[in-house]
Amino acid sequence: MKRFNMSTVVSVFVLIITFIIGEYTIAQQPPLDDTLKMRISIILIKTKPEAQQILQKLDAGIDFIELASQHSIGPGKEQGGDLGYFAPGDMMEKLNDVVVHLKIGEYSEIVETSKGYFILMKTDEKFASETTLTAAEKSKDVKAEPFYTQSIAMQNLTRGVEHAAQGKFIEAKKEFETTLKVDSFNGPAKEVLKVIEDIKQRKIRRKTAVHLFKGISYYNNEEWDDSVAEFTKAIEINPRYAYAYHIRGVPIRTKASMTRPSLISPRP
């Protein structure tokens, strides 16, 4: 997790990895809504000194979700501060001006408002059409399943994860690239390819990536504690790797709710 520097404004549009897919059929696609929505988590604190203490803990590497669950007085506390998706302008103007400049995985400085002192974190960005079910999807039961499915794309993706968990990144990359050839809009495949690219760019160590992919594998088998443990090991090796903090929050939230998030129907 890294702290956002207001002097650097970079707009990056990426999709976070999700570990579940829905089994669904698209009969007819409606016109796409091209409004970009941001998924936001908050920590709301009553006093500035308390907020400063929370910010110091974040800077020290303590998990945002954990701090929000323990200390926030705002909505979404039970979900680790997660408020779901917002379009620009949906939020208080002062908060909106901060959030639009955050990169995914970054948290803000303290934002003072009449309601208290906010620390915000952007966890995802999607176009509005990607955050809601299509009419065809709503018309039938959408059954969430683990990574293993009959889909060719998902089979490739699963094999890639297992290769990467063993440190076989060349084989994993081929599987992920094949996934995108079959399904060019596959968000999870794009994200895991980004992790492998981060190894190449020396942003993370190979061992860090192995723990990340082991965590994904454990998650797919619904072994929440082991999943969190692997993500934590990745953070210990590369404590400044923001993606590891975010991905660790998935099994934490899942275990708390015992409901796995769905790709086509994001948990609000």
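FYI, it's all coordinate maths here, none of it is from the lab. Nothing here was measured: the structure is a model prediction, and the numbers come from that model. Using ideal geometry, Cβ is built from the backbone for each residue, glycine included, and neighbour counts are taken over all protein chains shown.
For H71, H101, H246, which order do you get if you count the other beta carbons within 10 Å of each Cβ and list the fewest first?
Neighbour counts put them in this order, fewest first: H101, H71, H246.
State to the nearest 20 debye the size of the charge dipole of region 191-253 about its Cα centre, where the only charges are +1 on K and R beta carbons and -1 on D and E beta carbons.
480
Considering amide H positions built from the backbone, and no H for Pro or chain starts, which residues 5 or more places from F127, or on another chain, come under 5 Å of its amide H?
K37
Please order F213, F118, F127 by the number of other Cβ within 10 Å, starting at the fewest.
Listed from fewest to most nearby Cβ atoms, that is F127, F118, F213.
Once you keep just the Cα pairs under 8 angstrom separated by 6 or more residues, what percentage relative contact order results for region 146-257?
21
Only four residue types carry charge here, +1 at the Cβ of Lys and Arg and -1 at the Cβ of Asp and Glu. Report the dipole size of region 146-257 about the Cα centre in Debye, rounded to the nearest 20.
520
Please give the Cα centre distance for region 52-111 versus region 209-252, rounded to the nearest Å.
After rounding, the separation between the Cα centres reads 21 Å.
Can you give the translational diffusion coefficient of region 36-127 in µm²/s, computed by Stokes-Einstein from the Kirkwood radius over Cα pairs at 37 °C and 0.692 mPa s?
Answer from the Stokes-Einstein relation: 255 µm²/s.
Report, ordered by chain and residue number, the lysines lying within cross-link reach of K48, taken as a straight Cα distance under 17 Å and ignoring same-chain residues fewer than 8 apart.
Qualifying lysines at Cα under 17 Å: K57, K94, K115.
Name the residue farthest towards the positive end of the dipole of region 146-257 from the options G215, V195, A153, assuming +1 on Cβ of Lys and Arg, -1 on Cβ of Asp and Glu, about the Cα centre.
Of the options given, the answer is V195.
Sorting K126, K194, K214, K115 on the 10 Å Cβ count, fewest up front, what's the list?
Sorted ascending by nearby Cβ count, the order is K115, K194, K126, K214.
Could you run the Karplus curve 6.51 cos²θ - 1.76 cosθ + 1.60 with θ = phi - 60° over region 212-224 and give me ³J(HN,Hα) per residue in whole Hz, x for Gly and Pro?
Along region 212-224, the couplings run 4, 6, 5, x, 5, 4, 4, 4, 4, 8, 6, 9, 4 Hz.
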